[in-house]
Amino acid sequence: MKNVLEFLESSAASVGEKIAVKDARSAFTYHQLLESSKSIGTALAQKSAAGKPIAVLMEKSCETLAAFFGIAYAGCCYTLLNPALPATRLNSIREVLQAQLVITDSEHLSLAKELFSDESSLLDITALLAQEPDEALLAGIRAGATDTDPLYINFTSGSTGVPKGVIINHRSVLDFISVFTKTFGIDSSDILANQAPFDFDVSVKDIYSAISTGATLVLVPKQLFSAPTELLDYLCENDITVMIWAVSALCLISTFHALDYKVPETVKKILFSGEVMPAKHLKQWMEKLPQTTFVNLYGPTEITCNCTYHIVNREEENEVLPIGKPFDNERVFLLDDHNKLITDSGINGEICVAGTALSPGYFNAPEQTAKAFVQNPLNPFYPEIIYRTGDLGHYDESGNIFFSGRKDFQIKHMGHRTELEEIERAIHGIDGIRRCCCIFDERKSKLYGFYIGEFERRELFQILKDKLPEFMIPGALRKVEELPLTKNGKIDRKQLKETVIKK
């Protein structure tokens, strides 16, 4: 295989009348998804040169997925502009991407006009779907394609304040998804519940795991994530078997003890990533689903979703889960501050990754690419690019990697070097604490702890005195009703920090 469209075409040939994707309003069979994608691809190929990025400004839906595959048929790469993002963020992405074409729908046309001054670049999804497919045109585009052509560009936060567009090519997705579905036994009998927004790379696992195996992808309406009992009703009504979700989305259900209301008993596999899974939340899920397989996934967007995994052993007593061992055909290793390989257990080093799943770099950002995607310092003999994640990890005696925090989450407080994750882990371990997040204000040299739980601040201070040395206890504890989340379901540390600084 050299193109992800072969996933779609193969499944359409074998299970054409089966539901490929379902949203709150409609559903496409594999045959309908294929034909819709070809229609869109034909229309786009008449307007854009191959290799160019095309933006999609829509909510996730069956039509949005058809737009992605249609863009691939046109030999281009897609970027989802999430309408829920602030206008400033969308404008920043627009400026980096410089897309000449934007696919949208009637619901978001006014927003598209605000963002893009050239209205001739705006394409209506309904009109694209009405295009008659030109098989000869599409075949010609495919003949000139290679597996290193870009498939999508997902934007992540940048240290400079400008979003970074991570380029992922066809080969990386083909390689990773083939290994991913085989490793976890995902097949045509599965029904996957998509939680993640389509501009977040967790959704890549949902989309391509389903399409490559002939499974069914159910797009969970975003409004259900503010109504845990209705969310569980939806999972049960759709007989969901696989959940590849962000930790915060799972914690939304367990925080409110919604599993006491209803258990999605058809779920066979729950794979989670994005943040450290609090032990008490995982325990709730595992107790309610005793036959379900739980997997801790790790990996940044730059390496196509994930590079390591750990299948949770129900007999484990550890409060902290390992991020595990590398997926097949990915090399994951630790480097110390002098670029020396770490092999001994218990020693922290930066997690580095090599392999075909690696992104070729950031779109329109050569300087940032050069900083993160570098020659392997262990290999002086031939070109070998690795990605330096900026994450710290260490091995245990069995060779499992444990996440130790971000390099930039390491602070120096009261003369001691401290990892914020270590403090958060201690607070999470207290019965009665549901969620927490720690922020360090360098300007004031002050450590803040935000938490959701039963205790008042004075009580929590006393408990922490028995758990942590003085320099690790937040000088300011703030009890909150909820913690702000990013669009990807992670705790929004930036927003919390801005709140602290303003005060």
Tell me, which residue of region 348-376 that is over 23 Å from the mean Cα position of the chain (by Cα) and open to solvent by 80 Å² or more (accessible area, probe 1.4 Å) is farthest from Ser172 (Cα to Cα)? Glu367
Can you tell me which residue in region 80-104 is surrounded by the fewest Cβ atoms within 10 Å (Cβ to Cβ), limited to those that are in a loop (DSSP other than H, G, I, E, B) and touching a helix residue (DSSP H, G or I) at 6+ places or on another chain (Cβ under 7 Å)? Pro83
Among the residues of region 290-302, are any crowded, with 18+ Cβ neighbours inside 10 Å and charged (D, E, K, R)? yes
Considering only residues that are in contact (Cβ under 8 Å) with a residue 60 or more places away in the chain and within 23 Å of the chain's Cα centre (by Cα), look in region 395-417 and name the one that is least open to solvent (accessible area, probe 1.4 Å). Ile401
When you scan region 168-190, do you find a residue that is outside any helix (DSSP H, G or I) and of a type in the set (Phe, Trp, Tyr), even just one? no
Being assigned to a strand (DSSP E or B), at negative phi, aromatic (Phe, Trp, Tyr) and in contact (Cβ under 8 Å) with a residue 60 or more places away in the chain narrows it down to one residue among Phe155, Phe200; which is it? Phe155
Is at least one residue of region 14-30 in contact with a Pro (Cβ under 9 Å, 6 or more places away or on another chain), modelled with pLDDT of 95 or more, farther than 14 Å from Ser209 by Cα and open to solvent by less than 30 Å² (accessible area, probe 1.4 Å)? yes
Among (1) free of Cβ contacts under 8 Å to residues at least 60 places away in the same chain; (2) out of contact with any Pro (no Cβ under 8 Å at 6 or more places or on another chain); (3) part of a loop (DSSP other than H, G, I, E, B); (4) among the aliphatic types (A, V, I, L, M), Val320 falls short only on (1)
If you check Leu192 against the conditions, is it surrounded by 24 or more Cβ atoms within 10 Å (Cβ to Cβ), free of Cβ contacts under 8 Å to residues at least 60 places away in the same chain and either touching a strand residue (DSSP E or B) at 6+ places or on another chain (Cβ under 9 Å) or not hydroxyl-bearing (Ser, Thr, Tyr) (or both)? yes
Please tell me if Leu420 is touching a residue at least 40 places away in the same chain (Cβ under 8 Å) and either on the phi > 0 side of the Ramachandran plot or crowded, with 19+ Cβ neighbours inside 10 Å (or both). no
Which condition number does Leu259 fail, the rest of (1) surrounded by fewer than 15 Cβ atoms within 10 Å (Cβ to Cβ); (2) touching a helix residue (DSSP H, G or I) at 6+ places or on another chain (Cβ under 8 Å); (3) of a type outside the set (Val, Ile, Thr); (4) in a helix (DSSP H, G or I) being met? (1)
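The values are calculated or read from the model by the stated rules, or taken from the named source; none is laboratory data. No experiment lies behind these values; they were computed from the predicted model shown. Counting neighbours? That spans all protein chains shown, and the Cβs are built from the backbone with ideal geometry, glycine included. Calculation scope for accessible area: heavy atoms of the full protein, side chains included, ligands and nucleic acids excluded. Shrake-Rupley method; radii C 1.70, N 1.55, O 1.52, S 1.80 Å.
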